[in-house]
Amino acid sequence: MIEVEHLTKRYGPVTAVQDVSFQVHKGEILGFLGPNGAGKTTTMRVLTGYMPATDGRVVVAGHDVFEQPVEAKRRIGYLPETPPLYPDMTVREYLQFVAKIKGVPSGDRKSRVEQVMVRTWVADMAGRACGKLSKGYRQRVGLAQALIHNPDVLILDEPTAGLDPKQIIETRRLIKELAGDHTIILSTHILPEVSQTCDRVVIINKGRVVAVDTPHNLMGRLRGAETMFVQVDGARASEAAAALAKVPGVVRVAPADNAATGAFEVESEKGRDVRRELAKAVVLGGHDLLELRPTRVSLEDIFLSLTTEEQPEEAAS
Ligand SMILES: Nc1ncnc2c1ncn2[C@@H]1O[C@H](COP(=O)(O)OP(=O)(O)O)[C@@H](O)[C@H]1O
Ligand SMILES: [Mg+2]
């Protein structure tokens, strides 16, 4: 549904996006995750035809965004970082105005506006001037204007930014409901967003794609080994550590971070379940086993490792 090929965007001397490629399948929610300044907004502006690329190609629903901008734009709904509201218009007037610009047939406009206002929970503010809306309502009116012409593709730049926790949950639910009928790209710099909302994630840092995968696979692939947290009674901790290290399949035993004596991180070969053997080794050694559990790799760990470690293949740039 969306194909981005070797996209590069420079602002004068600043390269904001460099050689970015990815695809989004029909009905999918793709998360565009990266720290501030990573190039998310820039990429989305280019995808929506709002700004030309310096290099590369974007095809949306079969239409090249640069060569067939009118065709492409008809199929895209865009929620920019700051929703483009007219402060003096009421919510209803504004949405009717946008519906007209976006080519919704005049006979359908009224019902379409009412439907979209219900869907995005702004109907109770239909008569309120846009300039007098709270941040949460402004964001949802922004979402309403992106949806008004029922586009195939939705491009949402930080759709939950500035919302309160209840609104965040509602907005995520709405986005999930919209997927399937719509193909969605949303950007965020917040990790839980992608694991809770997205089917796949593109991680971008300093204008470059550093990973594309499902949230699940990203968590799985960070480590080649499995790590267990094992805590024994602290009295003869070093003896216990030696016993753990002797268990077949164990590659490393290290004191656990910020934990009491007797707490260890035990790393084992990938795919090898050593839990039973670890428990036996502890108990047969005459130690008391207090805890034994897998340590989970969070998306946060992956994100940090992908965006803060030196990337060897990029060392030349
Ligand atoms: N209009 C502009 N002129 C010059 N540099 C810009 C402009 N817009 C963004 N940048 C720069 O491009 C980089 C990417 O910005 P942006 O796409 O806004 O990132 P993000 O949305 O991920 O925070 C940043 O270094 C930013 O300073
Ligand atoms: Mg941005």
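None of the figures in this text is laboratory data; all of them are computed from the coordinates on show. The structure displayed is predicted, hence computed values, not measured ones. Here the Cβ positions follow ideal geometry from the backbone for every residue, glycine too, while neighbour counts run over all protein chains shown.
Helical content of the chain, expressed as a calculated mean residue ellipticity at 222 nm, amounts to -10000 deg cm²/dmol (DSSP H runs of 4 or more residues, -39,500 (n - 2.57) each, divided by residue number, nearest 500). Residues whose amide H lies under 5 Å from that of T90, counting only those 5 or more places away or on a different chain, are C130; hydrogens are built 1.01 Å from N in the peptide plane. Axis angle, to the nearest 10 degrees, between helix 106-119 and the longest C-alpha principal axis of the chain: 30 degrees. Computed over the chain with a Gaussian network model linking Cα atoms closer than 10 Å, the most mobile of R92, R173, R75 is R173.
Scanning residues 5 or more positions from L79 or on other chains, those with amide H under 5 Å from its amide H are I155, L156, D157, with H placed 1.01 Å from N in the peptide plane. With R₀ fixed at 22 Å, the C-beta to C-beta distance from R275 to R236 puts the FRET efficiency at about 0.55. Amide H to amide H distances under 5 Å link F66 with V58, where only residues 5 or more positions off or on other chains count and H is placed in the peptide plane.
Shape of the stretch 1-71 from its Cα gyration tensor (a ≥ b ≥ c, root eigenvalues): rounded if a/c is under 1.5, otherwise prolate when a/b > b/c, or oblate? Oblate, because a/c is 1.5 or more while a/b does not exceed b/c.
Rg/Rh for the stretch 223-294 to two decimals, with Rh computed the Kirkwood way over all alpha-carbon pairs. We get a ratio of 0.92 for the stretch 223-294. With all projection directions averaged, the alpha carbon convex hull of the chain covers 20.4 nm². Across the stretch 198-206, computed HN-Hα scalar couplings (Karplus, 6.51 cos²θ - 1.76 cosθ + 1.60, θ = phi - 60°) run 9, 7, 9, 10, 9, 9, 10, 8, 6 Hz from first to last residue, x flagging Gly and Pro. Dividing the mean sequence gap of close Cα pairs (under 8 Å, 6+ apart) by how many residues the chain holds gives a relative contact order of 19 percent.
Would you kindly state how much longer the chain becomes between A256 and V14 on full extension, computed as 0.36 nm times their sequence separation minus their alpha carbon distance, in nm to one decimal? Walk me through the numbers before you get to the answer.
Numbers: separation 242, 0.36 × 242 = 87.12 nm, distance 4.29 nm.
Separation in residues times 0.36 nm, less the Cα-Cα distance, equals 82.8 nm.
3J(HN,Hα) along the stretch 252-269: 7, 10, 9, x, 6, 5, 6, 10, 5, 4, x, 9, 10, 9, 10, 9, 10, 4 Hz, from the Karplus curve 6.51 cos²θ - 1.76 cosθ + 1.60 with θ = phi - 60°, whole Hz, x for Gly and Pro. Starting from the Cα of K135, step 7 Å toward the Cβ, then list every residue of the stretch 145-162 with an amide N under 12 Å from that point. Those under the cut-off are 160-162. Counting 0.36 nm for each residue step from E67 to H25 and taking away their Cα separation leaves a gain of 13.0 nm.
If R₀ is 35 angstrom, what is the calculated FRET efficiency for the pair A123 and V212, using the beta carbon separation as r and rounding to 0.05? Could you put the intermediate results ahead of the total?
On the way: r = 38 Å, r/R0 = 1.08.
Using R0 = 35 Å, I get an efficiency of 0.40.
Across the stretch 158-174, rounded Karplus estimates of 3J(HN,Hα) from the backbone phi angles (6.51 cos²θ - 1.76 cosθ + 1.60, θ = phi - 60°) give 6, x, 9, 4, x, 8, 7, x, 5, 5, 4, 4, 5, 5, 4, 5, 4 Hz, Gly and Pro being marked x. Once the Cα atoms are used to define both axes, helix 135-147 deviates from the longest principal axis of the chain by about 70 degrees.
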